[in-house]
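Visitor: Submitted below is the structure of interest, expressed as structure tokens.
The values are calculated or read from the model by the stated rules, or taken from the named source; none is laboratory data. This is a predicted model, so every value here is computed, not measured. Using ideal geometry, Cβ is built from the backbone for each residue, glycine included, and neighbour counts are taken over all protein chains shown. Side chains are part of the model used for accessible areas, which takes the heavy atoms of the whole protein and leaves out ligands, DNA and RNA. Shrake-Rupley method; radii C 1.70, N 1.55, O 1.52, S 1.80 Å.
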Amino acid sequence: MADVLAEILHELIVATRILANEKVLDAFGHVSVRHPHDPQRYFIPRHRAPELAEVADLVELTLDSEPVRPTDYRLYSEKVIHGEIYKARPDVHAVVHHHAHAVLPYAISGQEIVPVFHLGAVMGKVQFWDQRDEFGDTNMLVVKPEEGASLARALGSHWTVLMRRHGATVAGTSLRELTFRTVFTCDNARLQSQAMAHGHVDALSPGEAKLTAAHQSRPPSTNRAWDYWVRQIEKAGLMPAPTAAQRTSGARAKAGAKTGAKRAPPKSARKTSVKSKRRR
Ligand SMILES: [Zn+2]
């Protein structure tokens, strides 16, 4: 049980850093995950730039977005976005709120984002929410539970909601699915903007979008992309410290390698021989 929780919390930090590295999150935005053993709670980092968040920064909140244990940490003012979506959607296990510039032109103009390439279909039918409709002039932040509940209603049974003049909120059944959906929604928005500059936008048909979303949301795709994005954050030096279980299994793997199972010659050696042949 403890291992599952430790893995999920580690994965939350990995997802957060992937989304920062992919330019979805910047100084602002946040990712959360539902507690794997208690659906009435969720975890979210304390108030800080997402790329800087560590496992030690995670706070456990009730679905009313109140800390389970007293904490001195300052919390995100928009945490109710997460709590109210978890309340309304038992199938949702991960949520991100962001202000990615790829989607903001659509949140400003009201232009619909439509799937313009196959991977874009995973965003589903994108919903719109305007805080002003129900709450008039505000500071634009979703801070009251009723504001979060209103946003959750606008999301409905869908996965992505654009927030007028502010940003977007995305939901997922897991952190990996959420990351996949969020990155490809931003890619789709960027491609749609470029295609609109060319003139005609040829979107997927509703049937294509449904079939493609079902196919691409499965673990063979989401895990493959996850592994790729993990490699990107490793290269960027952003990978968080491993969990205790990951350290143990890593040490075991190293020890196994030392005991000397037969191994193929290293790739680098093979490459060198090809190069040297070419030189000749
Ligand atoms: Zn925001």
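Visitor: With label points built 7 Å along Cα→Cβ from the Cα atoms of residue 141 and residue 239, find their separation and express it in nm.
Guide: Output for this residue pair reads 3.6 nm.
Visitor: Pairwise over distinct Cα atoms, reciprocal of the mean inverse distance: report the Kirkwood radius of the chain in Å, one decimal place. Present the calculation step by step, with values, prior to reporting the outcome.
Guide: Working: mean 1/r = 0.0491 Å⁻¹.
Computed over the chain, the radius equals 20.4 Å.
Visitor: Okay, moving on. Looking at segment 2-259 only, what percent of DSSP beta bridges run antiparallel? Nearest 5 please. Before the final figure, lay out the partial values.
Guide: On the way: 21 of 24 bridges.
Counting only bridges with both partners in segment 2-259, antiparallel ones make up about 90 percent.
Visitor: Residues with amide H under 5 Å of residue 68's amide H, sequence separation 5 or more or different chain, H placed in the peptide plane at 1.01 Å from N; which?
Guide: 60, 61, 62
Visitor: From the backbone phi of segment 53-61, what are the Karplus-calculated ³J(HN,Hα) couplings (6.51 cos²θ - 1.76 cosθ + 1.60, θ = phi - 60°) in whole Hz, Gly and Pro given as x?
Guide: 5, 10, 4, 5, 8, 6, 10, 9, 10
Visitor: While we're looking at this one, here's another question. Given contacts defined as C-alpha pairs under 8 Å and at least six residues apart, what's the relative contact order of the chain, whole-number percent? Don't jump to the answer; show the numbers that get you there.
Guide: On the way: 431 pairs, mean separation 56.5, N = 280.
Rounded, it is 20 percent for the chain.
Visitor: Still on this structure: Once each part is reduced to its C-alpha centroid, what is the distance from segment 50-89 to segment 1-36 in angstrom?
Guide: The distance from the Cα centre of segment 50-89 to that of segment 1-36 comes to 12 Å.
Visitor: Please give the net charge around residue 25, taking every other residue with its beta carbon less than 11 angstrom from that of residue 25, where Lys and Arg add +1 and Asp and Glu add -1.
Guide: Working: positive: 17, 23; negative: 22, 26, 51.
Overall, the nearby charge balance is -1.
Visitor: Another one. How would you order 64-70, 96-102, 2-8 from highest to lowest mean count of nearby Cβ atoms within 10 Å? Please list the in-between numbers first.
Guide: Details: 64-70: 12.0, 96-102: 22.4, 2-8: 13.7.
Going from most to least packed, we get 96-102, 2-8, 64-70.
Visitor: Moving on. Once the other residues with Cβ under 14 Å from the Cβ of residue 185 are scored (Lys, Arg +1; Asp, Glu -1), what is the net sum? Don't skip to the end; give the middle numbers.
Guide: Details: positive: 23, 125, 181, 190; negative: 22, 112, 177, 187.
Summing Lys/Arg as +1 and Asp/Glu as -1 gives 0.
Visitor: HN-Hα J couplings of segment 29-46 from phi, Karplus 6.51/-1.76/1.60, θ = phi - 60°, integer Hz, Gly and Pro as x?
Guide: Those phi angles translate into x, 7, 10, 9, 9, 6, 4, x, 10, 9, x, 8, 9, 8, 10, 8, x, 5 Hz.
Visitor: Sorting check: for 230-241, 73-84, 177-188, 126-137, which peptide has the highest mean count of neighbouring beta carbons within 10 Å, and how do the rest follow? Please list the in-between numbers first.
Guide: Values: 230-241: 13.4, 73-84: 21.2, 177-188: 24.8, 126-137: 14.9.
Result, highest mean Cβ count within 10 Å first: 177-188, 73-84, 126-137, 230-241.
Visitor: Starting from 0.36 nm per residue, how many nanometres of slack lie between residue 130 and residue 62 once their C-alpha separation is accounted for? Before the final figure, lay out each step's value.
Guide: Working: separation 68, 0.36 × 68 = 24.48 nm, distance 2.60 nm.
Here the answer is 21.9 nm.
Visitor: Skipping prolines and chain starts, which residues have an amide H placed within reach, meaning under 5 Å, of the one on residue 174, given they are 5 or more residues away or on another chain?
Guide: The answer is 93, 94.
Visitor: Run the accessible area of segment 2-259 with a 1.4 Å probe and give the carbon-and-sulfur part as a rounded percent. It would help to have the intermediate numbers written out before the result.
Guide: Values: 6790 of 12440 Å².
Carbon and sulfur atoms account for 55 percent of the accessible area of segment 2-259.
Visitor: Now a separate question. Any idea how far apart residue 40 and residue 77 come out in nm if each label point goes 7 Å out from Cα toward Cβ?
Guide: With each label placed 7 Å out from Cα toward Cβ, I get 3.0 nm.
Visitor: Which entries of 23/144; 79/254; 210/235; 144/210; 87/210 show an alpha-carbon separation above 32 angstrom in the structure shown? Write down the numbers at each step before the final one.
Guide: On the way: 23/144 28 Å; 79/254 41 Å; 210/235 35 Å; 144/210 34 Å; 87/210 26 Å.
From the list (23/144; 79/254; 210/235; 144/210; 87/210), the Cα-Cα distance tops 32 Å for 79/254; 210/235; 144/210.
Visitor: Right, here's the next one. Give me, ordered by chain and number, the residues 5 or more places off residue 26 or on other chains with an amide H under 5 Å from its own placed amide H.
Guide: Close amide H contacts, sequence-distant or interchain: 99.
Visitor: While we're on this one: On average, how much accessible surface per residue is there in the chain, in Å², for a 1.4 Å probe, leaving out ligands, DNA and RNA?
Guide: 53 Å²
Visitor: If you take every residue apart from residue 195 with its C-beta less than 15 Å away from the C-beta of residue 195, what net charge results, scoring Lys and Arg +1 and Asp and Glu -1?
Guide: Values: positive: 190; negative: 112, 187, 202.
Residues near residue 195 contribute -2 overall.
Visitor: So what is the relative contact order for segment 21-160, in percent, with contacts set as C-alpha pairs under 8 Å and at least six apart? Please report the intermediate quantities before stating the final value.
Guide: On the way: 200 pairs, mean separation 34.2, N = 140.
That works out to 24 percent.
Visitor: Enumerate the residues in segment 201-239 having an amide nitrogen under 11 Å from the point lying 7 Å beyond the Cα of residue 26 toward its Cβ.
Guide: Hits in segment 201-239 for residue 26 at 11 Å: none.
Visitor: Using 0.36 nm per residue of separation minus the Cα-Cα distance, give me the extension gain between residue 69 and residue 228 in nm, one decimal.
Guide: Extending this stretch completely gives an extra 53.6 nm.
Visitor: I've got another one for you. Enumerate the calculated ³J(HN,Hα) couplings along segment 5-15 in order (Karplus 6.51 cos²θ - 1.76 cosθ + 1.60, θ = phi - 60°), each rounded to whole Hz, writing x wherever the residue is Gly or Pro.
Guide: Coupling constants for segment 5-15: 5, 4, 5, 5, 5, 5, 5, 4, 5, 4, 4 Hz.
Visitor: If you build a Gaussian network model of the chain, linking Cα atoms that sit under 10 Å apart, which residue out of 255, 154, 49 swings the most?
Guide: With Cα springs under 10 Å in the chain, the top fluctuation among 255, 154, 49 is at 255.
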